[in-house]
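**Q** First, the structure itself, so that you have it in front of you.
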Amino acid sequence: MHDRSRQSDPAAEVAKTVFDVAVIGAGPAGTAAAIRLARLGRRVLLVDRAEFPRKKVCGDGLLPDARAMLDEIGLLERVREKARELSRIRIYSVGRVEVNFETRSFTLPRRELDALLFSEALAAGARFTKGFVEQCRPSEKDGRPGVRMELRGSDRTVFARFALIATGAGTHLLRKTGRLSRPDPSALAVRGYVRSDHPLDALVISYDASVLPGYAWIFPMAEGRFNVGCGVFSSETKGMKVDLKASLERFLTSFPLAAEILERGERVGPVQGGALRCGLSGADLSGRDRMLVAGDAAGTTFHLTGEGVGKAMRSGWMAADYLEKALQSGEVRDLEGYGAEMEARFRSFYRSYEAGLGWLRRPWFNNWLARKAARSEALRQDFIDILHENLDPGELFCVGGILKRLFA
């Protein structure tokens, strides 16, 4: 009998059970899938190399798509209790032109968000084992097809009917299972924390010249903390050497708002970095060999904003629905619709965000658009509609869209 008072089960114990789905990676994508499947009564095993709560390098911002997904999962109110809720996003152009947008967002450390999702998955009935999955391959047990996982440092293997790879920016398992189509990350980012009494009440995103060709952010959090960081996309740095920690230092001292926050406070902890996989590319989403891929492993982070938590949860939730179909029918082909639906629903958004990044990296356009948006309520509404996915950013970041707004 499984002991629910114990968070992690040893590999020797979980090896005794045939699971319906093994979810490899317990970040937002993996836990969303585990919650969905466990609530449907499926035997779910979460596997992650870390114990929870665990630290995770992130901007800690939850934009509208993440809010909507948390609401669908049923955790929005619990997140609201822990998070800081903000009603504005402030964007600065290369020339420090300021534009304000009215839209609601949260900030919450990923340590807390991931722990909340993880706890909900266990409460729904999922089990967890700590371990690093070295390999996951098609196999059979007692004449039943499935997948078999090998855990580092263990002579036991874990068997499940299907698997979901949700390993974030790490590519080890994608490579081992033949699903990796782009080994390099799409972007790199660093962040640090500052504790300050500055009264800032908006998410801040800056394309300041001090961090070009990247961008920077200042996200106010609860208890007087600020997540301050910068990132750069690989498409912007071909043939260049970029020191992101040095870029962050320049931003903290030369960008007036950042310098004021730092002057009124102190740094908390070290600067840490991480990789991002963007553009819904870099992995095979077909469902072959009884496996699906979700979250950052599938490239669900957006270019331009670097936001990925909402789409990570959405991809895990969608993957769970396709895994449930396959479990009901016993047919692997029922997994095939997952990749097609991800493409149909989100491909145009990812392409448009990437196109937008290409335009905004041009200082003249960056400044022109900011000046235009500062004067135009209609253009600011376009940005809000893009954030809420009521408008494809391609309608703004295309020649026709630019010409339309140029002469508006």
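**Q** Whether any residue in segment 344-361 is within 30 Å of Asp20 (Cβ to Cβ) and of a type in the set (Ser, Thr, Tyr) is what I want to check.
**A** No: zero hits.
**Q** Scanning segment 305-317 for residues that are open to solvent by less than 20 Å² (accessible area, probe 1.4 Å) and not small (Gly, Ala, Ser), which turns out farthest from Asp65 (Cα to Cα)?
**A** Ranking the candidates gives Trp317 first.
**Q** Let me ask you something else. Between Ala294, Ala320, which is aliphatic (A, V, I, L, M), open to solvent by less than 20 Å² (accessible area, probe 1.4 Å), within 11 Å of the chain's Cα centre (by Cα) and farther than 15 Å from Ala344 by Cβ?
**A** It is Ala294.
**Q** When the residues of segment 387-402 are narrowed to those that are surrounded by fewer than 19 Cβ atoms within 10 Å (Cβ to Cβ) and closer than 17 Å to Arg347 by Cβ, which ends up modelled with the lowest pLDDT?
**A** Cys398
**Q** Taking only pairs six or more apart or across chains, which ones have beta-carbon atoms under 6 Å, a first residue in segment 311-335 that is farther than 16 Å from Val44 by Cβ, and a second residue that is in a helix (DSSP H, G or I) and basic (Lys, Arg)?
**A** If the second residue must be in a helix (DSSP H, G or I) and basic (Lys, Arg), the pairs left are Val332/Arg290; Asp334/Lys325.
**Q** Let me ask you something else. Can you give me the ranges of the strands (runs of 3 or more DSSP E) entirely in segment 120-166 with at least 3 residues that are crowded, with 18+ Cβ neighbours inside 10 Å and either in contact with a Pro (Cβ under 9 Å, 6 or more places away or on another chain) or among the aliphatic types (A, V, I, L, M) (or both)?
**A** 144-151, 157-165
**Q** Name every residue in segment 302-324 that is under 28 Å from Ile89 (Cβ atoms) and either among the aliphatic types (A, V, I, L, M) or at pLDDT below 95 (or both), in order of residue number.
**A** Listed by number, the residues that qualify are Phe302, His303, Leu304, Thr305, Gly306, Glu307, Gly308, Val309, Ala312, Met313, Met318.
**Q** Looking at segment 79-136 only, could you name the residues that are farther than 30 Å from Arg42 by Cα and polar (S, T, N, Q)?
**A** Those that are farther than 30 Å from Arg42 by Cα and polar (S, T, N, Q): Ser87, Ser93, Asn100, Thr103, Ser105, Thr107.
For (1) open to solvent by less than 60 Å² (accessible area, probe 1.4 Å); (2) of a type in the set (D, E, K, R); (3) within 24 Å of Ile91 (Cβ to Cβ); (4) modelled with pLDDT of 95 or more, each residue gets a yes or a no:
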{"site": "Asp243", "(1), (2), (3), (4)": "no, yes, no, no"}
{"site": "Phe255", "(1), (2), (3), (4)": "yes, no, yes, yes"}
{"site": "Ala259", "(1), (2), (3), (4)": "yes, no, yes, yes"}
{"site": "Arg267", "(1), (2), (3), (4)": "no, yes, no, yes"}
{"site": "Ser281", "(1), (2), (3), (4)": "yes, no, no, no"}
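**Q** Looking at Arg347, Arg264, which one is in contact with a Ser or Thr (Cβ under 6 Å, 6 or more places away or on another chain), over 21 Å from Ala26 (Cβ atoms) and among the basic types (Lys, Arg)?
**A** Arg264
**Q** Count, please, the residues in segment 176-189 that happen to be of a type outside the set (Gly, Ala, Ser), over 19 Å from Val23 (Cβ atoms), open to solvent by 60 Å² or more (accessible area, probe 1.4 Å) and not in a strand (DSSP E or B).
**A** 2
**Q** Under 6 Å between Cβ atoms, at least 6 apart or on separate chains: pull out the pairs that start in segment 374-386 with a residue that is modelled with pLDDT of 90 or more and end on any residue that is polar (S, T, N, Q).
**A** Ile384/Thr103
**Q** Right, another one. Out of the residues in segment 338-352 meeting the condition of being touching a helix residue (DSSP H, G or I) at 6+ places or on another chain (Cβ under 8 Å) and either among the basic types (Lys, Arg) or modelled with pLDDT under 95 (or both), tell me which one is farthest from Leu280 (Cα to Cα).
**A** Ranking the candidates gives Ser352 first.
**Q** Between a first residue in segment 155-170 that is on the phi > 0 side of the Ramachandran plot and a second residue that is hydrophobic (A, V, I, L, M, F, W, C), which pairs have beta carbons less than 9 Å apart while being 6 or more apart in sequence or on different chains?
**A** Close Cβ pairs (under 9 Å, with a partner that is hydrophobic (A, V, I, L, M, F, W, C)) amount to Gly168/Ala29; Gly168/Ala275; Gly168/Ala297; Gly168/Ala312.
**Q** Only one of these conditions is not met by Met342: (1) without any contact (Cβ under 8 Å) to a residue 40 or more places away in the chain; (2) within 20 Å of the chain's Cα centre (by Cα); (3) open to solvent by less than 50 Å² (accessible area, probe 1.4 Å). Which number is it?
**A** All conditions pass for Met342, except number (1).
**Q** Next question. Looking at Arg371, is it in a helix (DSSP H, G or I) and loosely packed, with under 15 Cβ neighbours inside 10 Å?
**A** yes
The values are calculated or read from the model by the stated rules, or taken from the named source; none is laboratory data. All values derive from a computational prediction rather than experimental measurement. Ideal geometry is used to build each Cβ from the backbone, glycine not excepted, and the neighbour counts take in all protein chains shown. Please note that ligands, DNA and RNA were not included when accessible areas were found on the heavy atoms of the full protein model with its side chains. Shrake-Rupley method; radii C 1.70, N 1.55, O 1.52, S 1.80 Å.
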